[in-house]
Amino acid sequence: MQITVFASGSSGNCALLSSVETHILLDAGISMRRTEAALSQVGRKISEIAGVLITHEHSDHIAGLKMLLKYHRVPVYAPRTVANRLRGMLPELEGSLHVIPVGEAFRLGGVSVMAFHTMHDTDESVGYRVTGTGVFALATDMGCVTEEVFSGLRGADTVLIESNHDEQMLSYGPYPVQLKRRILSDHGHLSNESCAKLARSLAENGTTRIVLGHLSRENNKPELAYETTRAALEGTGVWLTVAPASGCLTVPVERREACYR
């Protein structure tokens, strides 16, 4: 089992999760052409996709969905409120949209999928936990880490979590005050510091690989995000990297013992 991140950030989000013969897209926030090109790089085609899991309806997570559905009848999965929003935005979804429960696992191909709520500035947004030959979990676009989020991530072999902004860069940056307050709120985005605390807790609960994602171009730097979480993970043996805003990063999702020192 492996996760390949094609894009992660405010300009677009899309990743491919593969477990044996089951291939799933997590969000569709980049163009169909970019998605096809990225899939080709890892030897896959859209016709092989078992489904697209949508976290929420913001454009950086669904921008490529309209054209994807125009040319490919790929199944799309979303929780009820997100699905209702998508129906209003994309008539092309007719016949392809599947409403899924939150907090209850369902089968998709050869894997088990469970959605869990995240705190963001929309009526509903979710992360996903996928269990196949390993366990992968994703949670971005959240202003705080709730019990539900931690439960959804805890014990996953590999996780992709948000490390959106450096608080000092955001405070002294060019964003208007209202936008800064939104980002810093419990319904905004997770800071490097909050991400680092979450990463440490996950490491102590069995996670062995962590990918930092959804970095802000204006309010963060990959080296800042990496170093903040690396320091928090000191002595855990957990493998850490930063997802690219654009490009392919492939990370294994498999059971192994963390090397605690």
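Screening the candidates Ala15, Ala28, Ala38, Ala83 for the property of being closer than 17 Å to Phe136 by Cβ and aliphatic (A, V, I, L, M) yields one hit, Ala15. Glu162 fulfils the conditions (1) under 28 Å from Thr4 (Cβ atoms); (2) open to solvent by 30 Å² or more (accessible area, probe 1.4 Å); (3) acidic (Asp, Glu) except for a single criterion, (2). Output the residue which, of all residues in the stretch 81-103 that are touching a residue at least 12 places away in the same chain (Cβ under 8 Å) and assigned to a loop (DSSP other than H, G, I, E, B), is farthest from Val126 (Cα to Cα). Among those that are touching a residue at least 12 places away in the same chain (Cβ under 8 Å) and assigned to a loop (DSSP other than H, G, I, E, B), it is Gly95. None of Arg182, Arg209, Arg255 is among the charged types (D, E, K, R), open to solvent by less than 60 Å² (accessible area, probe 1.4 Å) and in contact with an Asp or Glu (Cβ under 8 Å, 6 or more places away or on another chain) except Arg209. Of the residues in the stretch 107-120, at least one is open to solvent by 50 Å² or more (accessible area, probe 1.4 Å) and closer than 20 Å to Leu215 by Cα.
Please tell me if Glu94 is at pLDDT below 95, of a type outside the set (S, T, N, Q), open to solvent by 50 Å² or more (accessible area, probe 1.4 Å) and in contact with a helix residue (DSSP H, G or I) (Cβ under 9 Å, 6 or more places away or on another chain). Here the answer is yes, as Glu94 does meet what is asked.
The values are calculated or read from the model by the stated rules, or taken from the named source; none is laboratory data. Computed from a predicted model, the values in this text were never measured in an experiment. All Cβ positions, even for glycine, are placed from backbone atoms using ideal geometry, and neighbour counts span all protein chains on display. The accessibility values were calculated without ligands, DNA or RNA, using every heavy atom of the protein model including side chains. Shrake-Rupley method; radii C 1.70, N 1.55, O 1.52, S 1.80 Å.
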